[in-house]
Every structure is written in C-alpha cells, then in structure tokens.
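Quick note: the coordinates plus some simple rules give every number you see, no bench work behind them. Just so it is clear, the model here is predicted, and its values are computed rather than measured. Every residue, glycine as well, gets a Cβ built from its backbone with ideal geometry; the counts of neighbours run over all protein chains shown.
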Amino acid sequence: MTLTLEDRATGALVGAAVGDALGGPVEGWSPDQIVERHGGRVHGIVGPWYEDWRTARPIAPYHKGDGHVTDDTLMTHALVRVYEAVGDHLDAYAVADHLVPDLMTNPRWIPELEAEALPLQRIFLAEKWIVTRLHYGHVDPREAGSGNVVNCGAAMYMAPVGIVNAGNPAGAYAEALDIAGAHQSSYGREAAGVFAAAVAAACVPGATAASVVGTALSLAKDGTRAAIEAVAETAAPHRDFESALAPLRAAVAPYDSVGPDYRAPSLGARRPSRLHAIEELPVALGMLLVADGRYEGSVLGAVNYGRDCDSIATMAGALAGALGGEAAVPQAWAKRVAEASRLDLHAPAAALARVAREVFARDRARRRAHESAFASIAAPA
C-alpha cells in the first residue's frame, strides 16, 4: 500500500527527532569510547555521558540524553513554522524575514536546558551566525552564509524541504540551496541541498535505500558527490552496522576536513573547498544502505558511529522515516522522546503535510499558467 504524504511527513520528522535524541548523549565520542562508557553498543535511549552534566566539560550546561532532542530538532521545527507562515516555497529571504525573528523573539521549552528560553540561547555558533549576519549586519540573505564555518548546520534541519517537495528531488535540491544560502556556503550548503533531495526521493512510491542514494549521487557536486560515492561503495558488502563502523569512517575520512579527533579539529577544518564534504550526510546515507532502509538499523548505526552522531542520526532517521512512514519509527522511542523533551512531535509533521498540499496546488496552477503562456508564445505564426 502506498504511504500517504501525512504518513511520510510524520515518519521523517518524528524519525529525525528520535534519531537526534538517541545520538545526543554520545555526540563527540568515538565508537570505542561509547562501548567503554555504556558497556557495549547503544541500542536505545541512554542517559547523559556525565552524571554531573550541569558542570562537566565539554557538555555543560546541556542535559544531553534521557530522550532530550538537541538543536537539530529545534531548528527543524522552526523551519516548519516558517513554512506555515509563508504557505509556499521558501528562499533565503524567508530565513531573514521569519526564521531569524522566530529564533530571537519567541521563548520555547528547550529540553537540554530544562527551561524556557529563546532558541537563540541554545543553537550553536554556526546557527547564531544567521542572526548576526541577517539581523545585525543586514547582509543580503542570499550571501549571508559566506564566511560561516562550513559544517552540517544548514543540512541538519532541511528535511522539511524534502517533504514540501515530496517526489521532486530536483526541486527540493534547488529550494534547499536557496534557503541555505543565508546560513552556509560551499559543501555545507551543498549538503543541505542533497539531504533535502534525498528526503524527497525517499517519498517516491517504491523508493529504496539504493534509489535514495542514487538520486543523491545524481544531484551532488564536487567533494560531496565523491564522499557519498566512496561511502556507498564501502557500505555495499555490509549487512550490520557493527562491521561497517570503521570502514565507513575510513571511506569518508579523505573528504572530512575535521580530522581524526572530532573534539580537536585540524587547522584546515570547516573551510570552504570543492574537495571536501561534511561527514554527516555521507555516513547517514551509508548507514541507510547498510540497514537496507530499515529505521532501527540506520539510526543505531549512526548513533554508534559517534563523532557528530546526533546530526548523523537525525538525517538517517528522517530518510528511513520517509521511506517507511510513521510505523517504521519505534513507538516506544517516539513516546519517550516526546515526553522527555516536552514536545509534540506529530503536530509539526501534520502542519508540514498541510503546507505541502497547499504548495503543490499553487505549483500546479503556476505550471498550467506557464503551459498556457508558452503554448501561445510557441504557436506557429
């Protein structure tokens, strides 16, 4: 049975949030360190890395773990709210006109802070950049991402773009590149486009992990394409994430500018380049292939990979959730994350599906108007 748009939107957004919450408490550590800390691989929701998380460095003051989502989910839900406000396709100006004010002026419950606060007070420096550049610097939104650290900051919250363009990966790619111009440049911006396209491709009836990765490769450019290709080739013989952890890291390492020590980046880290790629998206796609699109295997592989695993698991969760719908996401995980984070994980998905239907109707009217105009223009004299 073909999954509905609503089902895929729910699978993608709830799946992304659950992946985010599972990856948060082990973010920044290596697979071996994760095994040492937890007595084996992580197979579900776990507690904070440090019991004294309020003061422990480098975690403080965030309560990562126990089902709390991170800034990946906060930014994803913020972008959904922008879609609700605009009711149409978005661009870099929508970031300036709607996303930045939302981050700056509307206090919300921040799970990791266990308090109400402005989202601006939680998001990372690379996301605060858009506020600095757009609100205070009045930079052209289409160019505001230039100069920012090149990381996964824009890509991590682009799943909604894929849902609004469900079944149209090329449209999702173009729209995400426009939106992300306000936030990122170079391979960080490219990853945002490719991730949105992959989510849109996952919504195509009959889509598989392989078809999603194939679509990503058809659109990706430069180092991003090379990294995805290398990881996909490496993932092919693996059927469980345990055996894939080290090989996938080795495959993406030549393209990842951060270097072997995630907490001590190299001097060349996060600079613009046509040769590099963010690590998170290729690994998420690799884990999707290893698990053959299944949600639990994709997300747990991403979580146990370590490093920036909350964002890797966010992306893997969105892709597997879009492929399999809401039923693909373990209900017990989703329920616990929603309760622990004090968030309604389903409402944003329902809102986004409504917007997607509205946008499709607008697109159809615009396309028919174009067809009519072109037919008149192209008619024989």
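Taken over the range 329-381, the alpha-carbon convex hull comes to 80 cubic angstrom per residue.
The angle between the Cα long axis of helix 71-86 and the main principal axis of the chain comes to about 20°, on a 0 to 90 degree scale.
Counted residue by residue at 0.36 nm each, then reduced by the alpha carbon distance between them, the extension gain from LYS128 to GLN33 reaches 31.2 nm.
Could you tell me which of rounded, prolate or oblate describes the range 28-77, using a ≥ b ≥ c as the square roots of the eigenvalues of the alpha-carbon gyration tensor, with rounded for a/c under 1.5 and, failing that, prolate when a/b is larger than b/c and oblate otherwise? Could the numbers behind the result be given before it?
Working: a/c = 1.97, a/b = 1.31, b/c = 1.51.
It comes out oblate by the Cα gyration axes.
Note on the range 243-323: with charges restricted to the Cβ of Lys and Arg (+1) and Asp and Glu (-1), its dipole about the Cα centre is near 260 debye.
For the range 161-224, the Cα-based Rg and Dmax, in that order, read 10.8, 34 Å. The magnitude of the dipole of the range 76-179, with charges of +1 and -1 set on the Cβ of Lys/Arg and Asp/Glu and taken from the Cα centre, is near 200 debye. Both the radius of gyration and Dmax for the range 288-371 are 16.6, 50 Å, in that order, over alpha-carbon atoms.
Since only LEU79, LEU13, TYR93 are under comparison, the one whose Cα sits farthest along the positive direction of the charge dipole of the chain, derived from C-beta charges on Lys, Arg, Asp and Glu, is TYR93. Rounded to the nearest 10 degrees, the inclination of helix 309-324 to the longest alpha-carbon principal axis of the chain is 50 degrees. Restriction of the GluC sites (Glu not before Pro) in the range 307-367 to DSSP coil positions whose beta-carbon has at most 14 other beta-carbons within 10 angstrom yields no sites.
Other residues whose C-beta falls under 13 angstrom from the C-beta of ALA291 contribute a net charge of -2, scoring Lys and Arg +1 and Asp and Glu -1. Short to long, the 10 Å bins of the Cα pair-distance histogram for the range 219-323 hold 18, 50, 29, 4 percent of all pairs. Net charge dipole, the chain: roughly 480 debye, given to the nearest 20, about the Cα centre with Cβ charges of +1 for Lys and Arg and -1 for Asp and Glu.
Overall shape: oblate for the range 114-273, with the ratio a/c of the largest to smallest alpha carbon gyration tensor axis at 1.5 or above and b/c at least equal to a/b.
Its Cα gyration tensor gives the chain an equivalent ellipsoid; the semi-axes, largest first and in whole Å, are 31, 23, 21. A viscosity of 1.002 mPa s and a temperature of 20 °C, combined with the Kirkwood radius over Cα pairs in Stokes-Einstein, give a translational diffusion coefficient for the range 1-143 of 126 µm²/s. Each label was represented as a point 7 Å from its Cα along the Cα-to-Cβ direction; for ARG367 and ALA236 these points are 3.4 nm apart. The lysines within cross-link reach of LYS128, meaning a Cα-to-Cα straight distance under 24 Å and a gap of 8 or more places when in the same chain, are LYS64.
Can you order the peptides 310-323, 33-46, 146-159 by their average number of other Cβ atoms within 10 Å per residue, highest first?
310-323, 146-159, 33-46
Of the residues LEU345, ALA328, VAL290, the one whose Cα sits farthest towards the positive end of the charge dipole of the range 224-350 is LEU345 (charges of +1 on Lys and Arg Cβ, -1 on Asp and Glu Cβ, taken about the Cα centre).
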